[in-house]
Amino acid sequence: MPTTNGNRQILDLKKWEFCAPAPNATTTGAFVVSSRHFWQQQMYVRANTEAYMYNPSEDGWVTLPSPGLAGTFGAGASGTAGAWSTGATVGVASLTATAGTTSTITTNQTLARDLRGYKILIMAGPNNGLALDIVSNTIGANAVITVATQASAFSASTVYRLLTPRFYVVGAGTLAAASFRAYDYATNTWTTLSQTGLPASIGTDGRLVATPSMIDGAFKQFATGTATSATGTTLTQTGKTWTASQWINSQVRITGGTGAGQIRTITANTADTLTVATWTTNPDATSTYAIEGNDNFLYYLGNNAVTMYRYDIAANTWSTLSPTAARAGAPGAGMSAHWVHSVEASDWNNESAIINGDRIYSFRGAAGGVLDYYDISANTWVSGVTYSPNSETFTTGTKYALHGGRLYIQKEATGRWFAYDFARNELFPWSTTLYPQGAAVLGDTAFDVVYKDGATEIFYVYLLLNTSQVLLRQMVI
């Protein structure tokens, strides 16, 4: 019998529920990284050597291997989850199988977990373009992944990505090797990534932001279609009416037909043509495509500075962005940063001038209420977004959870919650957490979890309280 949600505003009061407490209390810099994959795991990092995984399906915690972060853990530490993984291998865009059959793919990875329910994306070779459910996998070296039987046999020419979580973490203090690391869910390993290009030290407050193609276990597609033609560096669909340059820094994925499985960052667009780096196989009039968030980029902002940095996952390199308009003021304690991708308002979803997927919104914190956003395609900041009422201020202890078209905000350790509506540019009173909290500490320990049953979606906002092990959740009505 399908799940139904009969809760109604005014009729039904929102209630905070107690969940399994965290193994240890939140401290300065502690944060939660939220995965948008199959199990929606939440990684809680509270020290350089201490991390846990919370499984909302079981309401339970497990200790992870030590993050082994360098520096001094504290203000400015943050993390985000990517949409794809290449196991324990870093600095690459894909993996290549060593053998296969019509239903198995032999990897060169040492898998440590059962990945049933997750997906594997075939990028080249037999069955290219398919995102297949993982039916089972072996554990250990040269793991074999089993999928549903396909028309063609996988082989040593099969190129793929695991659509499983990889959690990226930036530490705090003076940066050194191991200040930027990634935890790979499939292999249960931490790997050191390049920190070159980040500031020499990190403090005050900061956020790491991903723009993943996969949200809540499904691809988030901002535009789809069938190509009319293509060249070595373009894809055209005659009849489109896109605004020039609106897709810059998004990715295009060839989902079917000639060249299926290829993913490219969009570097320019006209009304009907996308420009990308050279295709391996030129698409043609059989090629279907989807435009999505860019799986290959992460953004770091904060550290009491307007400077913003971008990480290229496949290249394992950082670069400093040079926006055409700089942010008007530096973010401080209690800041936020969220990639907004699922506002339901029609103007946000107008494919010819889309807003969804193109902005990273950021409250500056620092005991103020100023809100800015970074325009990804235009590489520019829009500072001082007008919204009402704008009298609330946010600083140390403020927590944020994004879902759909709203950002849910707990003000410091007061327990008072608001919901910022992106389409309306309005801040609403939302709830109050009555359970007492400890001292307000920096670090974002709020997150959301979605329950799905067919077309029914019920979502909850979770909160690890300030200086506390207490975990609460509330259904959003």
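Please report, ordered by residue number, the strands (runs of 3 or more DSSP E) entirely within segment 265-310 with at least 1 residues that are modelled with pLDDT of 95 or more and in contact with a Gly (Cβ under 8 Å, 6 or more places away or on another chain).
Working: elements: 273-276, 288-292, 297-302.
Those strands (runs of 3 or more DSSP E) span 288-292, 297-302.
Among the residues of segment 48-59, is there at least one that is in contact with a Pro (Cβ under 7 Å, 6 or more places away or on another chain) and surrounded by fewer than 20 Cβ atoms within 10 Å (Cβ to Cβ)? Yes, segment 48-59 contains at least one residue that is in contact with a Pro (Cβ under 7 Å, 6 or more places away or on another chain) and surrounded by fewer than 20 Cβ atoms within 10 Å (Cβ to Cβ). The set of residues from segment 329-369 being of a type in the set (A, V, I, L, M), part of a loop (DSSP other than H, G, I, E, B) and out of contact with any strand residue (DSSP E or B) (no Cβ under 7 Å at 6 or more places or on another chain) comprises 333, 343, 345, 355, 366, 367.
Taking the options 50, 58, name whichever one is over 26 Å from residue 440 (Cα atoms), of a type in the set (Asp, Glu) and modelled with pLDDT of 95 or more. Step through it out loud before you land on a result.
Numbers: 50 fails: over 26 Å from residue 440 (Cα atoms).
Result: 58 is the single residue among 50, 58 that is over 26 Å from residue 440 (Cα atoms), of a type in the set (Asp, Glu) and modelled with pLDDT of 95 or more.
The set of residues in segment 434-456 being touching a strand residue (DSSP E or B) at 6+ places or on another chain (Cβ under 6 Å) and either outside the structural domain of residue 332 (by TED's automatic domain parsing) or more than 23 Å from residue 207 (Cα to Cα) (or both) consists of 451 alone.
Does residue 354 satisfy the criteria of being among the hydrophobic types (A, V, I, L, M, F, W, C), farther than 27 Å from residue 173 by Cα and either buried (at least 16 other Cβ atoms within 10 Å of the Cβ) or in contact with an Asp or Glu (Cβ under 7 Å, 6 or more places away or on another chain) (or both)? In short, yes.
Could you check, for segment 410-424, whether at least one of its residues is in the same structural domain as residue 44 (by TED's automatic domain parsing), within 23 Å of the chain's Cα centre (by Cα) and in contact (Cβ under 8 Å) with a residue 60 or more places away in the chain? Yes; the residues of segment 410-424 include at least one that is in the same structural domain as residue 44 (by TED's automatic domain parsing), within 23 Å of the chain's Cα centre (by Cα) and in contact (Cβ under 8 Å) with a residue 60 or more places away in the chain.
Answer with yes or no whether residue 195 is crowded, with 20+ Cβ neighbours inside 10 Å, within 30 Å of residue 69 (Cβ to Cβ) and within 21 Å of the chain's Cα centre (by Cα). Steps first, please.
Details: crowded, with 20+ Cβ neighbours inside 10 Å: yes; within 30 Å of residue 69 (Cβ to Cβ): yes; within 21 Å of the chain's Cα centre (by Cα): yes.
The answer is yes for residue 195.
If you filter segment 425-461 down to residues that are charged (D, E, K, R) and at pLDDT 95 or above, you find that the one that is nearest to residue 367 (Cα to Cα) is 444.
The values are calculated or read from the model by the stated rules, or taken from the named source; none is laboratory data. Every value quoted in this text rests on a predicted model; they were computed, and no experiment measured them. Here Cβ is always computed from backbone atoms with ideal geometry, including for glycine, and neighbour counts include all displayed protein chains.
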